[in-house]
Amino acid sequence: MKFCTWKLYDNETNGWDTECNKRHWMGSHVTPIENGFSVCPYCGNKIKQNTYGYIPHYDHYNREHRLLAEKYGT
């Protein structure tokens with residue numbers, strides 16, 4: 001089985017970079033898997049997500065979230 005790894009690009013926009021060289025914005029602050037994606041819509045391979053630095057329900061106006069983002073480098 002082939003995989004397409006999705007890595008978090010930006011917590012503020014919830015943007016994800018795909019292994020197949022596309023960028024996808026989820027809109028709501030959930031991971032691709034939480035949003036119902038199991039297969040990459042660009043290459044058709046099964047999604048493997050890398051959530052390093054992901055902050056659930058990120059809100060850039062919230063001071064605590066900004067501090068977490070600074071701490072984890074996102």
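What's the total number of residues in region 1-29 that are at pLDDT 90 or above and either charged (D, E, K, R) or farther than 10 Å from residue 49 by Cα (or both)? Number of matching residues: 11. Pairs linking a residue in region 4-19 that is of a type in the set (Phe, Trp, Tyr) to a residue that is not in a strand (DSSP E or B), with Cβ atoms under 8 Å and 6 or more positions apart or on different chains, are 6/19; 6/32; 6/40; 16/26; 16/32. Looking across region 1-53, the residues that are over 9 Å from the mean Cα position of the chain (by Cα) and either surrounded by 17 or more Cβ atoms within 10 Å (Cβ to Cβ) or among the basic types (Lys, Arg) (or both) come down to 2, 4, 18, 19, 22, 23, 37, 40, 46, 47, 48.
For residue 56, state whether it is at pLDDT 90 or above, surrounded by fewer than 16 Cβ atoms within 10 Å (Cβ to Cβ) and assigned to a loop (DSSP other than H, G, I, E, B).
On the way: at pLDDT 90 or above: no; surrounded by fewer than 16 Cβ atoms within 10 Å (Cβ to Cβ): yes; assigned to a loop (DSSP other than H, G, I, E, B): yes.
So residue 56 fails the test.
Taking residues in region 48-61 that are over 11 Å from residue 32 (Cβ atoms), and partners anywhere that are surrounded by 14 or more Cβ atoms within 10 Å (Cβ to Cβ) and at pLDDT below 70, the pairs with Cβ atoms closer than 7 Å and at least 6 places apart or on different chains are 53/74; 55/65; 55/68; 55/69; 55/74; 58/65; 59/65; 60/66.
The values are calculated or read from the model by the stated rules, or taken from the named source; none is laboratory data. Treat the numbers as computed from the prediction; the structure is a model and nothing was measured. Cβ coordinates were reconstructed from backbone atoms using ideal geometry, including for glycine residues, and neighbour counts include every protein chain displayed.
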